[in-house]
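Accompanying notes for the structure given below.
The values are calculated or read from the model by the stated rules, or taken from the named source; none is laboratory data. These numbers come from a predicted model, not from an experiment. Counting neighbours? That spans all protein chains shown, and the Cβs are built from the backbone with ideal geometry, glycine included. Remember, those area values only see protein heavy atoms, side chains included, never the ligands or the DNA or RNA. Shrake-Rupley method; radii C 1.70, N 1.55, O 1.52, S 1.80 Å.
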Amino acid sequence: RDGVTWLAKNRDREPSEAQYVVRIPAVRGDRSTMVRVTYQAVPQVPDRNAVILSKPFWIWGAEMGVNDQGVAIGNEAIFSKLVDREQESLLGMDLVRLGLERGGTAEEALHCMTALLEKFGQGGPAGYRDKSFRYDNSFLIADAREAWVLETAGQHWAAKRLREEGGCARWAISNCLSLESDFDACSDGLQEYAREHGYWKGSGDFSFAGAFDTWFMPYFGKAHARRAMSEESLQVCAGSPRLQCRHLVDNLRRHSQERSLFSQHDNDDVCMHAGSFKRPSQTCASMVVRLGGDGPPDFLFTGSSAPCLSLFKPVDFDFEHRYHLLSEEQAPVGASYWHRQESIHRRALFNLDFRKALRESLEQVQEEIYCWLHETGDTAPASYREADQIARQWHESWYNEALKLPLDTDILSMYGHFWRNLNMRDCVL
């Protein structure tokens, strides 16, 4: 809207899976012929964009990120009828990183990702400890001028370019397919394949979601409810006179109902809190990106679990400055920002007084960070260095406060037993 594109993303993963925010410089003239991604080797390109990625520590790719050309991508797991249960090929997270490294625009990234998908397919164990966890993927791909929705089923895909309605273009994705018959591009032979394999009768409008989506995982995970909540938030944002980072941050922190106990939360939360076999996923990292408009873009990452308990901190492509939440790709988990923040997060789950004080401090410091961005007017100075220093001091202070408290859980409940086991297994202090 108004020459600005926003992309906001939560990544829900296993609660023990450390998430790294990494910054990788641009490459020019690389003579390597191949690159090994998570499971698959693909042809390398000599020139690649600099990228900032939020990624699982053990995976080559990323679930969300931006490049220095102003392209942002986020992906979601979807459970299509064509999920490959046996082969190892490209993960959706590999496609995100490949699209960012190689795409100078959103459309270039789209073409790169779909060409690789058609050639190599997608699949492979995508869980950290649960190696039976496999899925296909949907994506949001954006730059300052346009945004695309890309959804996949096996090696097939459909894509829609967002168009303005009421002064803005908007879309939300979740763990379900969202494209019906309103896509602008698709893989060759898509409808013929669907008809020949019994996914479409061949009459009436062809719906990508109707042909390839499944019902159990979206129903069990309440994907449609979460997508509806995100769409509601986008509608509110569209009505705001001046959209700001804080609006998107607030949306990523949303719960369907505010409850004092996280054990009472459910899968319909945008900000997901893991709790048992019925709610195995945790929002392990978040991102908000502003592209276009006056001044430089804004890139905010949490690099930590639970956006409702985390700071959104700015990062940029100034490689001379070392942001405190950044990790090296091969760094040990125990030394990562994410792992240190877990000492804070996991105490806040059960200690209500600690959580209340944490949130009050969080809101105050988050406002200070907004003021160092472009939130106070066109002439306000933008200093990521100052915002980073504020965030660094806040994190160190609360990390030290957390270590003064016992890492208690309610051992008489399934929820408490769930987290007690994870605390021991993950070596959280």
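Worth pointing out:
- Figure legend. Inter-residue proximity from region 163-181: first residues under 17 Å from residue 233 (Cα atoms) and assigned to a loop (DSSP other than H, G, I, E, B), second residues open to solvent by 90 Å² or more (accessible area, probe 1.4 Å) and of a type outside the set (S, T, N, Q), beta-carbon distance below 7 Å, spacing 6+ or different chains. Indicated pairs: 169/163.
- Residue match in region 143-150 (condition: in contact (Cβ under 8 Å) with a residue 60 or more places away in the chain, buried (at least 19 other Cβ atoms within 10 Å of the Cβ) and among the β-branched types (Val, Ile, Thr)): no
- Number of residues in region 16-70 that are under 14 Å from the mean Cα position of the chain (by Cα), small (Gly, Ala, Ser) and under 18 Å from residue 288 (Cα atoms): the value is 3.
- Residue within region 249-258 that is within 25 Å of residue 367 (Cβ to Cβ), more than 19 Å from the chain's Cα centre (by Cα), of a type in the set (Asp, Glu) and at pLDDT below 95 present: yes
- Residues of region 190-199 classified as in contact with a strand residue (DSSP E or B) (Cβ under 8 Å, 6 or more places away or on another chain) and open to solvent by 30 Å² or more (accessible area, probe 1.4 Å), total: 1
- The residues listed here are 281, 276, 263, 305; of these, the one that is surrounded by 24 or more Cβ atoms within 10 Å (Cβ to Cβ) and closer than 25 Å to residue 339 by Cβ is 305.
- In region 21-41, the residues that are within 21 Å of residue 54 (Cβ to Cβ) and surrounded by 11 or more Cβ atoms within 10 Å (Cβ to Cβ) form Cβ pairs under 7 Å with partners that are of a type in the set (Lys, Arg) and at pLDDT 95 or above, at six or more places apart or across chains, as follows: 22/55; 26/48; 27/48.
- Within region 218-260, the only residue that satisfies the criterion of being over 30 Å from residue 154 (Cα atoms), open to solvent by less than 30 Å² (accessible area, probe 1.4 Å) and of a type in the set (D, E, K, R) is 253.
- Residue pairs whose Cβ atoms lie under 8 Å apart, sitting 6 or more positions apart in sequence or on different chains, and linking a residue in region 309-332 that is among the β-branched types (Val, Ile, Thr) to a partner that is in a loop (DSSP other than H, G, I, E, B) and surrounded by 15 or more Cβ atoms within 10 Å (Cβ to Cβ), are 315/323; 315/325.
- Single residue of region 410-429 satisfying the filter (of a type outside the set (Phe, Trp, Tyr) and more than 23 Å from residue 337 (Cα to Cα)) that is surrounded by the most Cβ atoms within 10 Å (Cβ to Cβ): 416
- Candidates 101, 88, 76 - the one that is more than 14 Å from the chain's Cα centre (by Cα), touching a residue at least 40 places away in the same chain (Cβ under 8 Å) and outside any loop (DSSP other than H, G, I, E, B): 101
- Where a residue in region 197-217 is under 16 Å from residue 154 (Cα atoms) and its partner, wherever it lies, is open to solvent by less than 30 Å² (accessible area, probe 1.4 Å) and among the charged types (D, E, K, R), with Cβ under 8 Å and at least six apart: 208/151; 209/151
- Scan of region 114-142 for residues that are without any contact (Cβ under 8 Å) to a residue 40 or more places away in the chain and buried (at least 23 other Cβ atoms within 10 Å of the Cβ), ordered by number: 122
- Within region 314-351, being touching a Ser or Thr at 6+ places or on another chain (Cβ under 7 Å) and either aliphatic (A, V, I, L, M) or open to solvent by less than 30 Å² (accessible area, probe 1.4 Å) (or both) holds for 327, 336, 337, 338, 341, 342, 345.
- Residue check for residue 300: modelled with pLDDT of 90 or more, open to solvent by less than 10 Å² (accessible area, probe 1.4 Å) and part of a strand (DSSP E or B): yes
This table checks each residue for (1) more than 23 Å from residue 231 (Cα to Cα); (2) open to solvent by less than 70 Å² (accessible area, probe 1.4 Å); (3) of a type in the set (Val, Ile, Thr).
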| residue | (1), (2), (3) |
| --- | --- |
| 158 | no, yes, no |
| 161 | no, no, no |
| 164 | no, no, no |
| 170 | no, no, no |
| 176 | no, yes, no |
| 179 | no, yes, no |
| 201 | yes, no, no |
| 205 | yes, no, no |
| 208 | no, yes, no |
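- Top-ranked residue in region 48-79 [being within 18 Å of residue 107 (Cα to Cα) and charged (D, E, K, R); ranked as least open to solvent (accessible area, probe 1.4 Å)]: 48
- Among residues of region 113-162, those that are in a loop (DSSP other than H, G, I, E, B), under 23 Å from residue 13 (Cβ atoms), touching a strand residue (DSSP E or B) at 6+ places or on another chain (Cβ under 8 Å) and not small (Gly, Ala, Ser), counted: 2
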